[in-house]
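Here is the structure we will look at, set down as structure tokens.
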2 protein chains.
Amino acid sequence: MDRNIAAKFIDYQVSCKDCCMANVCLPLGLSAVELDQLMKIIDRQSPMSRGEHLFQIGEPHKSLYAVRSGSIKVYIPTEGGEEQVHRFILPGELLGFDAIEGGKHTCAAVALETTSVCAFPYHRLEKLCHTFQGLDHELHRLFGKEIANEHDLLQLLAKKSAEARLASFLLDLSNRLKKRGFSEREFNLTMSRHDISNHLGLAVETVSRLFARFQNEGLLTVRRRHIQLQNMPEIKELFVNVSPTTSKRRIAPANRKGNIGGSYRLRKVKAAQV
Amino acid sequence: MDRNIAAKFIDYQVSCKDCCMANVCLPLGLSAVELDQLMKIIDRQSPMSRGEHLFQIGEPHKSLYAVRSGSIKVYIPTEGGEEQVHRFILPGELLGFDAIEGGKHTCAAVALETTSVCAFPYHRLEKLCHTFQGLDHELHRLFGKEIANEHDLLQLLAKKSAEARLASFLLDLSNRLKKRGFSEREFNLTMSRHDISNHLGLAVETVSRLFARFQNEGLLTVRRRHIQLQNMPEIKELFVNVSPTTSKRRIAPANRKGNIGGSYRLRKVKAAQV
DNA sequence: CGGGACCTTGAGGCTCGTCAAAGCTGGTGG
DNA sequence: CCACCAGCTTTGACGAGCCTCAAGGTCCCG
């Protein structure tokens, strides 16, 4: 696997066109000429190892980054040495938007495993924007997506039960991996339970127990960090149905089809409510 | 009061300089000339009445808005007809940043009371930015503040107990009102308990109970929507100390001074934990 | 093989949401 | 002016959901 990454890395030195992420990383609808230009400003950095920081909070903002391989945790350190895990960045995704406006990073980013990124120096990107309308527009679109992301997380934390949070987390990962050409049903988590629980505003133990429960219910198989989603429709229902606060209307009665494995304490109670 | 607002409104037709919010609304450090230019592009809209929308989600983005008087609720409607209350805008504050990137509003904004706003048509603002470097910079700063705001809210929802959330909410309001020249200790809430609880990710009843408890403890006086903060240092401690998830370290033992009114169930338990 | 980081599991109980009912307040109409 | 109603707010009882504490597994690495 490591060797594989190394091999790819050499490719990237040559051209974005050969990058397996090319079609998802910056799906700009740019012309060949424009892509060439963009390629030229890219600063390919040497791979980071686990625990290494891409940037720290407060650092001046120099680049947007695209993850080629590996994964990154974006978080905000808080007063007491704690942290708030903000999001996880997968291959083919971008980060660094957090500082565009203020000129300084408002988050920190750390590699969760051996990770390589492309850097787009921001001042050069800006110049390119003046030349290519398309690029400008695309960046704005991406920025908007960042904000939408934050809003979803807010929604999740304000309104959703623990099980809905975890379900949502898994589905989101699955979706994003699928878009990048990985399997949507089977993947490895690169982040610890601690990171997950922090991200979702839960206790580690709760996350652990939920994984166990989901597995008992036949929704997925989990062994340490290896996940296989077995019943995605059912997982989706978990996400949609449950909103403890602002309850009221709990979606139509609609017979939950299948309810495999069933017969788990909390689950039974919940079924009764529907 | 209404008459008062009407009187002010006429003033605004004339000049920003006479606006009591002038020094807080856009503290740009602009020259007199620049301010004049800015003034010229302002579109003063007729006052909105309670429940009227400034913009709806999905609408094209036309302006940034500054609230002159009254207050506004910014929220995101969700599938089931629910909503997620995002923030409240007070006099002298701006809104409309949510759509700059995407061109469409990602939130809705509704007046909580009779409210008047100034609109800065965005296309004209952009032109001005090209002329005045300062304005450009200032907008970026404001944008950065918006994001920081979101992050704080995330932190609050992910990590803080109900009492810390309400304390934080009140302190934040108090701070902002102070900046705008209002009393920091005594004010009226223009939003319903429902809005507050939604914003904080709590049940209405919990908010109600917390108000009652805070009052019993001598932290504040509350009667319907009228608030007087009596013991701000103590309220600040509530905000800082308590973080249920990711608990650990619960700040030093330090004898909580005074604990007026004391002897309330939850409070006693908490004291025992310290 | 020992130590440490990470993960799981169990027991117990606090917080906060849910449900139900009653109190207030402002508006409307008689 | 009062009666009445609708919407907001408060209060109480109850227990579900999740956190805390504690201990034991599992994996990795030197």
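The values are calculated or read from the model by the stated rules, or taken from the named source; none is laboratory data. Keep in mind that what you see is a predicted model, and the values were worked out from it rather than measured. All Cβ positions, even for glycine, are placed from backbone atoms using ideal geometry, and neighbour counts span all protein chains on display. Note: accessible area is taken over every heavy atom of the protein model, side chains too, but ligands, DNA and RNA are not part of it. Shrake-Rupley method; radii C 1.70, N 1.55, O 1.52, S 1.80 Å.
Go through segment A:157-202 and flag every residue whose accessible area shrinks by 20 Å² or more with all protein chains in place compared to the isolated chain (probe 1.4 Å).
Residues of segment A:157-202 that lose at least 20 Å² of accessible area once the other chains are added: A:L157, A:A158, A:K159, A:H194, A:N198, A:G201.
Can you pull out the buried accessible area for chains A and B, both sides counted, probe 1.4 Å, rounded to the nearest 100 Å²?
Interface between A and B: roughly 2900 Å².
Could you tell me how far the Cα centroid of segment B:177-205 sits from the Cα centroid of segment A:62-78, in Å?
First find each Cα centre; the distance between them is then 36 Å.
Which values, in whole Å and largest first, are the semi-axes of the equivalent ellipsoid of segment A:163-205 obtained as the square root of 5 times each eigenvalue of the Cα gyration tensor?
Values: eigenvalues 86, 24, 11 Å².
One finds semi-axes of 21, 11, 7 Å for segment A:163-205.
If I take R0 = 25 Å and measure r between the Cβ atoms of B:M232 and B:R141 in this structure, what FRET efficiency does the formula 1/(1 + (r/R0)^6) give, to the nearest 0.05? Kindly include the intermediate steps, with their values, before the conclusion.
Numbers: r = 28 Å, r/R0 = 1.11.
The pair B:M232/B:R141 has a calculated efficiency of 0.35.
Using a 1.4 angstrom probe on protein heavy atoms only, which residues from segment B:96-114 are buried by at least 30 Å² of accessible area when all chains are present rather than their own chain alone?
The answer is B:E101.
Which log10 I(q)/I(0) values does segment A:82-126 give at q = 0.15, 0.28, 0.29 Å⁻¹ under the Debye formula, counting every alpha carbon as one identical point scatterer?
For segment A:82-126 at q = 0.15, 0.28, 0.29 Å⁻¹, log10 I(q)/I(0) is -0.46, -1.31, -1.34.
How large is the translational diffusion coefficient of segment B:114-194 in µm² per second when you combine the Kirkwood radius over alpha carbon pairs with Stokes-Einstein at 10 °C and 1.306 mPa s?
Values: Rh = 15.7 Å.
Translational D for this selection: 101 µm²/s.
Counting only residues 5 or more places away or on other chains, whose amide H sits under 5 Å from the amide H of B:E113 once H atoms are built in the peptide plane?
The answer is B:G51, B:S71.
Spin-label point model (7 Å from Cα, Cβ direction): what's the A:H53 to B:A148 distance in nm?
So the two model labels end up 1.9 nm from each other.
Anything over 26 Å Cα to Cα? Flag those among B:K104/B:K127; B:K62/B:K179; A:K160/B:K236; A:K159/B:K73; A:K62/A:K179, in the order listed.
B:K62/B:K179; A:K160/B:K236; A:K62/A:K179
Using a 1.4 Å probe on the heavy atoms of the protein chains only, list every residue of segment B:76-93 that has 40 Å² or more less accessible area in the complete assembly than in its chain alone.
Listed in order, they are B:E82, B:Q84.
Keeping the other protein chains in place, figure out the carbon and sulfur percent of the accessible area of segment A:150-210, with a 1.4 Å probe. The partial results should precede the final answer.
Values: 1060 of 2260 Å².
Using a 1.4 Å probe with all protein chains present, segment A:150-210 comes out at 47 percent carbon and sulfur.
List the residues whose amide H sits under 5 Å from the amide H of A:C107, counting only those 5 or more places along or on another chain, with H placed 1.01 Å from N in the peptide plane.
So A:C107 has HN proximity to A:G58.
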